[in-house]
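Let me begin by presenting the structure, written as structure tokens, before commenting on it.
Taken together, the values in this text are just the output of simple stated rules run on the coordinates, not laboratory data. Treat the numbers as computed from the prediction; the structure is a model and nothing was measured. Note that each Cβ is placed from the backbone with ideal geometry, even for glycine, and that neighbours are counted across all protein chains shown.
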Amino acid sequence: MGALRLPFLALLLSPSSALRSSSASLPLRLRPPAIRKVSASLSGGASRALSTQSLANEEPTPPSAADRKPFSSQEGSVTPRSVDFNAWYLDVIASAELADYGPVRGTMVIRPYGYAIWESIQEYLNAKFKETGHSNMYFPQFIPYSFIEKEASHVEGFSPELALVTIGGGKELEEKLVVRPTSETIVNHMFTQWIQSYRDLPLMINQWANVTRWEMRTKPFVRTLEFLWQEGHTAHATLEEAEKEALQMIDVYKKFAYEQAAIPVIAGRKSRAETFAGATQTYTIEAMMGDRKALQAGTSHNLGQNFSRAFATRFTDENGQRQHVWQTSWAVSTRFIGGIIMTHGDDAGLMLPPRIAPIQGVPLRIEVGPRDVANRSVVVSRRDIPGKPGKDFGVSMEPSKLESHVKSRLEDIQASLLQRAISFRDSNIVDVHSYEELKAVIAQGKWARGPMVSW
């Protein structure tokens, strides 16, 4: 795999306040204001930076169970995106029956159709993880608090979000337990027992699990107290191998975003301020949503030797010397479902790329009337093109011909949604050459691209 040239991500100051494609064949399934700076390396040119508005500080918190109301004020209605994007988003989730509020404030119940989308994501990524040499495992959900304390920057970064267990079996515990916010600490505890020699490396694992982070401002799929994700963890003999792994996995995420989710993400490196707690480098894919806000859709971290030094995770190298391993971790979560909704949905509601859609009759509808039956034909209607322009009339009912036509149209829809998202993204990125220009562009709700500044 060739070397990847990635952009950099850093923080700027807000004018108003402190801020911080290859094509795969489709299976046919016909079953019933924060500002963030993103520096992009352009081909043949100097590094440029993108300043964006983030979703981080605009997330509504669901009501408590006692005063909870339906997502939408009118049963079955969907607020127009242009009127209220957040209300539209909640209405789409409700009308498509993707999720509902849980009884604990900030939690959600993922309903069958929403979970089926997550299964589509899992299916693709799980295959890619195995192709790249990773094995699935599972680690306990409860982590001794002393593990979190071992890596100073890690405990500092996660302390405000930790959920702690202090009583078990009716008795106060000798040591409080952390409900898994992420697994670097417990993974290192086990790696220390499994890694003894260079022959044990690389060790590359992944787990599909739930995590808990006590968020104060929540939004279904985008940010909740508990969410589902995959987290990969690897150990290597050299820094170079770890860096290659971190870049490889952000590339896997980028390809998934483009090829499956039809979301044209921008891959980059986080600023020091936004680097994962305990990592030396954090790589990210950032996506522009329908309201032109930025969504962090996946991350990959080069952990260096920070955790291996804290946990004494060492191996004997080929020269008989004891060395600390070099590590990575990387993850995507059910947040990606929110990203798909906000990228492709319209005033009519949910719109899914065919490669993600659990039921292919949603992106493509087959209409049959009395005249069609007499003519042995059907009408094929596209979800992404409303009205007559999106209809194919007189399509033969003959199974092989109909199947071929449907597969072709699904490929067309997949490509069309990606191109539409690319056009929307590119039309909302403006080159700037001064701070005044940057402020003007951000005030318009667009992304500003300019020379990268150091931090």
Give, in nm to one decimal, the length gained when the segment between ASN210 and SER146 is fully stretched (0.36 nm per residue of separation minus the Cα-Cα distance). 20.9 nm
Fully extended contour minus Cα-Cα distance, from VAL165 to SER404, at 0.36 nm per residue: 80.5 nm
Against the empirical 2.2 N^0.38 Å scaling, what ratio does the C-alpha Rg of segment 298-421 come to? 1.82
Ranking request for peptides 390-400, 202-212: highest mean number of other beta-carbon atoms within 10 Å first, then the rest in descending order. 202-212, 390-400
Karplus-derived 3J(HN,Hα) from phi for segment 231-239 (6.51 cos²θ - 1.76 cosθ + 1.60, θ = phi - 60°), whole Hz, x at Gly and Pro, runs 9, x, 9, 9, 10, 9, 7, 9, 4
Pairs LYS254/LYS391; LYS150/LYS270; LYS130/LYS254; LYS176/LYS270: which are spaced more than 26 Å apart, C-alpha to C-alpha? LYS254/LYS391; LYS176/LYS270
Using C-alpha positions alone, give me the convex hull volume of segment 283-366 per residue in cubic angstrom. 131
Excluding residues on the same chain fewer than 8 positions from LYS407, give the aspartates and glutamates whose Cα lies under 18 Å from its Cα. GLU259, GLU367, ASP384, ASP392, GLU398
Please rank ARG314, ARG371, fewest neighbouring Cβ atoms within 10 Å first, as an exposure proxy. ARG371, ARG314
Can you put LYS171, LYS128 in order, fewest other beta carbons within 10 Å first? LYS171, LYS128
How many angstrom lie between the C-alpha centres of segment 292-339 and segment 350-419? 43
From the phi angles alone, apply the Karplus equation (6.51, -1.76, 1.60; θ = phi - 60°) to segment 92-108 and give each ³J(HN,Hα) in whole Hz, x where the residue is Gly or Pro. 5, 4, 6, 5, 8, 6, 7, 7, 9, 5, x, x, 8, 3, x, 9, 9
Based on Cβ point charges of +1 for Lys and Arg and -1 for Asp and Glu, what charge dipole magnitude is obtained for segment 252-311 about its Cα centre, in debye rounded to the nearest 20? 180
I need the peptides 82-92, 136-146 ranked by packing, meaning the mean over residues of other C-beta atoms within 10 angstrom, with the highest value on top. 82-92, 136-146
Show the residues, 5+ positions off or on another chain, whose built amide H is closer than 5 Å to the amide H of VAL432. ARG449, GLY450
Quick check on the exposure proxy: order TRP194, TRP330 from fewest to most C-beta atoms within 10 angstrom. TRP194, TRP330
Rg (one decimal) and Dmax (whole number) from the Cα set of segment 364-427, in Å, equal 13.9, 47
By how many nm would the segment from GLU156 to ASN375 lengthen if fully extended, with 0.36 nm per residue of separation less the alpha-carbon distance? 71.9 nm
Just want the answer: with Cβ charges of +1 for Lys and Arg and -1 for Asp and Glu, which residue in PRO399, VAL373, ILE422 is farthest toward the dipole's positive end in segment 364-427? VAL373
So what does log10 I(q)/I(0) come out to for segment 86-218 at q = 0.17, 0.18, 0.21 Å⁻¹, using the Debye formula with one equal point on every Cα and no solvent? -1.15, -1.20, -1.28
State to the nearest 20 debye the size of the charge dipole of segment 330-428 about its Cα centre, where the only charges are +1 on K and R beta carbons and -1 on D and E beta carbons. 40
Percent of Cα-Cα pairs more than 12 Å apart in segment 244-296, please. 66
Virtual spin-label span in nm between ILE385 and GLU119, 7 Å along Cα→Cβ: 3.2
Computed over the Cα atoms of segment 218-308, what is the convex hull's projected area averaged over all directions, in nm²? 6.9
What percentage of all Cα-Cα pairs in segment 398-455 are separated by more than 20 Å? 53
